[in-house]
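Engineer: The structure under discussion is supplied below as structure tokens; questions concerning it will follow.
The values are calculated or read from the model by the stated rules, or taken from the named source; none is laboratory data. Just so it is clear, the structure is predicted and the values come from calculations on it, not from any experiment. Here Cβ is always computed from backbone atoms with ideal geometry, including for glycine, and neighbour counts include all displayed protein chains. Keep in mind that these areas ignore ligands, DNA and RNA; they rest on the heavy atoms of the full protein, side chains included. Shrake-Rupley method; radii C 1.70, N 1.55, O 1.52, S 1.80 Å.
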2 protein chains.
Amino acid sequence: MASHGARGRSGGRPTLEEVAARAGVGRGTVSRVINGSPRVSDATRAAVEAAVAELGYVPNTAARALAANRTDAIALVVPEPETRFFAEPYFSDMLKGVGAELSDTEMQLLLIFAGSDKERRRLAQYLAAHRVDGVLLVSVHADDPLPDLLSQLDIPAVISGPRSAQETLASVDSDNYGGARQAVEHLLSRGRRRVAHITGRLDVYGAQRRVDGYRDALSDAGHGADEALIEPGDFTEEGGSRAMAALLERRPDLDAVFAASDVTAAGARHALREAGRRIPDDVALVGYDDSAIARHMEPPLTSVRQPIEEMGRRMIDLLLTEVADRRPLASRGLDRRQVVLATELVPRSSS
Amino acid sequence: MASHGARGRSGGRPTLEEVAARAGVGRGTVSRVINGSPRVSDATRAAVEAAVAELGYVPNTAARALAANRTDAIALVVPEPETRFFAEPYFSDMLKGVGAELSDTEMQLLLIFAGSDKERRRLAQYLAAHRVDGVLLVSVHADDPLPDLLSQLDIPAVISGPRSAQETLASVDSDNYGGARQAVEHLLSRGRRRVAHITGRLDVYGAQRRVDGYRDALSDAGHGADEALIEPGDFTEEGGSRAMAALLERRPDLDAVFAASDVTAAGARHALREAGRRIPDDVALVGYDDSAIARHMEPPLTSVRQPIEEMGRRMIDLLLTEVADRRPLASRGLDRRQVVLATELVPRSSS
DNA sequence: ATCACTGGTGGGAGCGCTCCCACAGTACCT
DNA sequence: AGGTACTGTGGGAGCGCTCCCACCAGTGAT
């Protein structure tokens, strides 16, 4: 008689209890089946699954979150205004990788923009409320307080691009050092001898590593480091243009430029044109990121490609591991919390 | 003595109960303060707020969701693959409006892509679990089962672009009829007399309305409807090109074309060029959407602009109203559940 | 036989809120 | 005086899960 709806708000969604009654088992057993515990007999499992299907039972996430103290959600935090998010393929590629890796998981992905101060305050509140089990942090600046907030709140997080060589958070990065070497070695192999470098913002660790790669590639090839061939940029087009002009003034004999980003390269190209230098005839140019800009530049730009989609996938891998490790008070599997992925040089006619 | 942490897991986050103890009031009172109920004396409210601040209390969303049977989250569902989402400014504009209108709300926005079958199944499950209080549905096709699923689950939803004149869901749309009239009237005012129309996919209600607007504008101006001047397209570039070719064959004397989208217009332009017709000298061309394509076309394309960002804002308004109306079993404020916003003609040199 | 174990199971005790009923106090009519 | 009505407040009873302990076979070692 008391089959379903003991306290039956008959209209409502079925509950665990109702499934249990229907299947003739206890609540605990249904819970075990739902959560895929192995310690359930096959017969019982079948009975429960039948009841679930008949009743159209769907677990109540809020109740689960409350009881288990987890949310089964992670956030992808973009500390940029939404405009940049849409403008740069970096983010959509990243999102594609993240989505793919998450697709056969129960985890739900939240996309959070934190470009403005207001949004950042909201985010802090959000994190303080522990509304996600983990955080993916992309495109973080050196002075960003977010990573520290996360460690303080003890929320698992993975960062794309470590802030320094001593990064404490788990991170996934592409090989900035190796990518820079590839670019420079490519230019040298093409017979260039006076290779300049326009750097990125040097408070970004990845930009520093690119400078290191540039230097080492030159010295390994027996070229002394010529500091006059290095000019700081800031990843912007104007910065690239300004830096190029400075370089041309200082070292008019340069025959190649490695720019720390495609956008920077676009600026450099502009300055080169103004100075009447032909690309690649007079000066070869290599960028970084292999963005749409590179493909559409005139002439098409040789660039270093980062496996961004794979970075997204690896970030999820890492994060899920960190989240899982926190569930039982057990084994930390921190074997490799800093992942570095190889880059690839995409040669085009600018070099 | 028993001030805080009656059952104190000292490490954990403070709870409502702890705040109540600290402030020397009952749980109910703290809850009232947190939720902004007016029936709390100023003195008590101040005491509670102080306790909240001292303890750094943040409400537990899961507990609240469980007890109150709401989630304080809404979903923006995009039934397209992510690629299109990033490619078309429509979505980013929409998102901007939505975000703006939501920013001084406690509501959290979830972005859900449902392009593939797998994703759609996930979404259905997600909605069945009632993980959001409401849904924003953009870019829905006529045969999409999603709207019905939503009404069936009794989840408030707002659709961008009604599926028919009898749309039951709340909707926000731009004035497709009026926009088409604007386009045609503009062409007539420029002295054009044989204005053709390449339609959109006619299973999209908005496309039908554009045809209606086109027809009425012509007949109101005393031009009989010439069905030979109407050719179905499908919103794609190839479709536009094909339709244009057909029109030219059938009515080589046409002197203007109103295309149901900028993309369609791009296709039409191609066909016109191939046929040796000059734009606008021989044939004037008007598109729809005022997208980047319109601005960058050669010659720049006259187009009808939809206020997409405002549409996003209005959709949120409507949705929040619907969600609020469902909270107490009270007053439905369904005054205007179908919003239509005016369009604007942006004249450029193609007409 | 007795004593471990082990796989399988039931159900109590929470998780941290909101809802709502009860009730004290004050104020304003009859 | 007694009624009625409100404001402000406390706290019990859930919301629907998970966790964990207790318990019941069955199995093999002693």
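Engineer: Can you confirm whether B:L109 is buried (at least 19 other Cβ atoms within 10 Å of the Cβ), more than 9 Å from chain A (Cβ to nearest Cβ), within 29 Å of B:L169 (Cβ to Cβ) and more than 16 Å from DNA strand C (Cβ to nearest atom)? Show your work before the answer.
Structural biologist: Working: buried (at least 19 other Cβ atoms within 10 Å of the Cβ): yes; more than 9 Å from chain A (Cβ to nearest Cβ): no; within 29 Å of B:L169 (Cβ to Cβ): yes; more than 16 Å from DNA strand C (Cβ to nearest atom): yes.
When the stated conditions are applied, B:L109 does not pass them.
Engineer: Another question, if that's okay. Got at least one residue in the range B:179-187 being assigned to a helix (DSSP H, G or I), touching a residue at least 12 places away in the same chain (Cβ under 8 Å) and under 30 Å from B:L320 (Cα atoms)? Break it down into steps so the answer makes sense when it comes.
Structural biologist: Of the residues in the range B:179-187, the ones assigned to a helix (DSSP H, G or I) are B:179-187.
Retained after the next criterion (residues that are touching a residue at least 12 places away in the same chain (Cβ under 8 Å)): B:179-187.
Narrowing the set further to residues that are under 30 Å from B:L320 (Cα atoms) leaves B:179.
Yes, there is a match, as at least one residue in the range B:179-187 is assigned to a helix (DSSP H, G or I), touching a residue at least 12 places away in the same chain (Cβ under 8 Å) and under 30 Å from B:L320 (Cα atoms).
Engineer: For the range B:32-91, name all the residues that are of a type in the set (A, V, I, L, M), away from every other protein chain (no Cβ under 12 Å) and either more than 12 Å from DNA strand C (Cβ to nearest atom) or in contact with a Cys (Cβ under 6 Å, 6 or more places away or on another chain) (or both).
Structural biologist: Selection gives B:A43, B:A46, B:A47, B:A50, B:A51, B:A53, B:I74, B:V77.
Engineer: Return yes when B:R163 is of a type in the set (K, R), away from every other protein chain (no Cβ under 14 Å) and either open to solvent by less than 10 Å² (accessible area, probe 1.4 Å) or on the phi < 0 side of the Ramachandran plot (or both) and no when it is not. Spell out how you get there, then give the answer.
Structural biologist: Values: of a type in the set (K, R): yes; away from every other protein chain (no Cβ under 14 Å): yes; either open to solvent by less than 10 Å² (accessible area, probe 1.4 Å) or on the phi < 0 side of the Ramachandran plot (or both): yes.
Yes, satisfied.
Engineer: From the set of residues in the range B:113-146 that are facing chain A (nearest Cβ under 9 Å) and surrounded by 14 or more Cβ atoms within 10 Å (Cβ to Cβ), which is nearest to B:I74 (Cα to Cα)?
Structural biologist: Here the answer is B:R131.
Engineer: Looking at the range A:147-202, which of the residues that are closer than 29 Å to A:P79 by Cα and of a type in the set (K, R) is farthest from the chain's Cα centre (by Cα)?
Structural biologist: So, considering only residues that are closer than 29 Å to A:P79 by Cα and of a type in the set (K, R), the one farthest from the chain's Cα centre (by Cα) is A:R201.
Engineer: Of (1) more than 14 Å from chain B (Cβ to nearest Cβ); (2) of a type in the set (G, A, S); (3) open to solvent by 10 Å² or more (accessible area, probe 1.4 Å), A:S103 satisfies all except one. Which?
Structural biologist: (1)
Engineer: Oh, and also: Kindly state which helices (runs of 4 or more DSSP H) lie completely within the range A:225-326 and contain at least 2 residues that are outside the structural domain of A:L95 (by TED's automatic domain parsing) and surrounded by fewer than 16 Cβ atoms within 10 Å (Cβ to Cβ). Please lay out each step first, then the result.
Structural biologist: Working: elements: A:237-250, A:262-274, A:292-296, A:308-326.
Fully inside the range A:225-326 and qualifying: A:237-250, A:262-274, A:292-296.
Engineer: Another one. Take the conditions closer than 17 Å to B:L146 by Cβ and among the aromatic types (F, W, Y) and apply them to B:Y177. Does it pass? Give the steps one after another, and end with the answer.
Structural biologist: Values: closer than 17 Å to B:L146 by Cβ: no; among the aromatic types (F, W, Y): yes.
Criteria not met by B:Y177.
Engineer: For the range A:1-31, enumerate the residues that are part of a loop (DSSP other than H, G, I, E, B), modelled with pLDDT of 95 or more and more than 7 Å from DNA strand C (Cβ to nearest atom).
Structural biologist: Within the range A:1-31, A:P14, A:T15 qualify.
Engineer: Need the failing condition index for B:A170 against (1) in contact with a strand residue (DSSP E or B) (Cβ under 8 Å, 6 or more places away or on another chain); (2) within 14 Å of chain A (Cβ to nearest Cβ); (3) not charged (D, E, K, R), just the number.
Structural biologist: Answer for B:A170: the failing condition is (2).
Engineer: May I ask you to say which residue of B:D281, B:D203 is without any contact (Cβ under 8 Å) to a residue 40 or more places away in the chain and of a type outside the set (S, T, N, Q)? If you could, list the steps in order and put the result at the bottom.
Structural biologist: Numbers: B:D203 fails: without any contact (Cβ under 8 Å) to a residue 40 or more places away in the chain.
Exactly one residue qualifies, and that residue is B:D281.
Engineer: Pairs under 8 Å by beta carbon, first residue within 14 Å of another protein chain (Cβ to nearest Cβ) and open to solvent by less than 50 Å² (accessible area, probe 1.4 Å) in the range B:13-31, partner aliphatic (A, V, I, L, M) and more than 8 Å from DNA strand C (Cβ to nearest atom), six or more apart or different chains?
Structural biologist: Close Cβ pairs satisfying both conditions: B:P14/B:L55.
Engineer: Examine the range B:59-68 for a residue that is touching a residue at least 12 places away in the same chain (Cβ under 8 Å) and either open to solvent by less than 50 Å² (accessible area, probe 1.4 Å) or outside any loop (DSSP other than H, G, I, E, B) (or both), and state whether such a residue exists.
Structural biologist: Taking the range B:59-68 first, the residues touching a residue at least 12 places away in the same chain (Cβ under 8 Å) are B:59-60.
Next cut, either open to solvent by less than 50 Å² (accessible area, probe 1.4 Å) or outside any loop (DSSP other than H, G, I, E, B) (or both) only: B:59.
Within the range B:59-68 (the criterion being touching a residue at least 12 places away in the same chain (Cβ under 8 Å) and either open to solvent by less than 50 Å² (accessible area, probe 1.4 Å) or outside any loop (DSSP other than H, G, I, E, B) (or both)), the answer is yes, since at least one residue qualifies.
Engineer: Which is touching a His at 6+ places or on another chain (Cβ under 7 Å), within 28 Å of B:S189 (Cβ to Cβ) and not acidic (D, E), of B:I293, B:I308, B:I230, B:I279? Explain how you work it out, then say what you get.
Structural biologist: Working: B:I293 fails: touching a His at 6+ places or on another chain (Cβ under 7 Å); B:I308 fails: touching a His at 6+ places or on another chain (Cβ under 7 Å); B:I279 fails: touching a His at 6+ places or on another chain (Cβ under 7 Å).
Only one candidate passes the filter, namely B:I230.
Engineer: Among the residues of the range B:73-98, which ones are open to solvent by 20 Å² or more (accessible area, probe 1.4 Å) and acidic (D, E)? Reasoning before the result, please.
Structural biologist: From the range B:73-98, those open to solvent by 20 Å² or more (accessible area, probe 1.4 Å) are B:81-84, B:86-90, B:92-93, B:96; that's our starting set.
B:E82, B:E88, B:D93 - these are the residues of the range B:73-98 that are open to solvent by 20 Å² or more (accessible area, probe 1.4 Å) and acidic (D, E).
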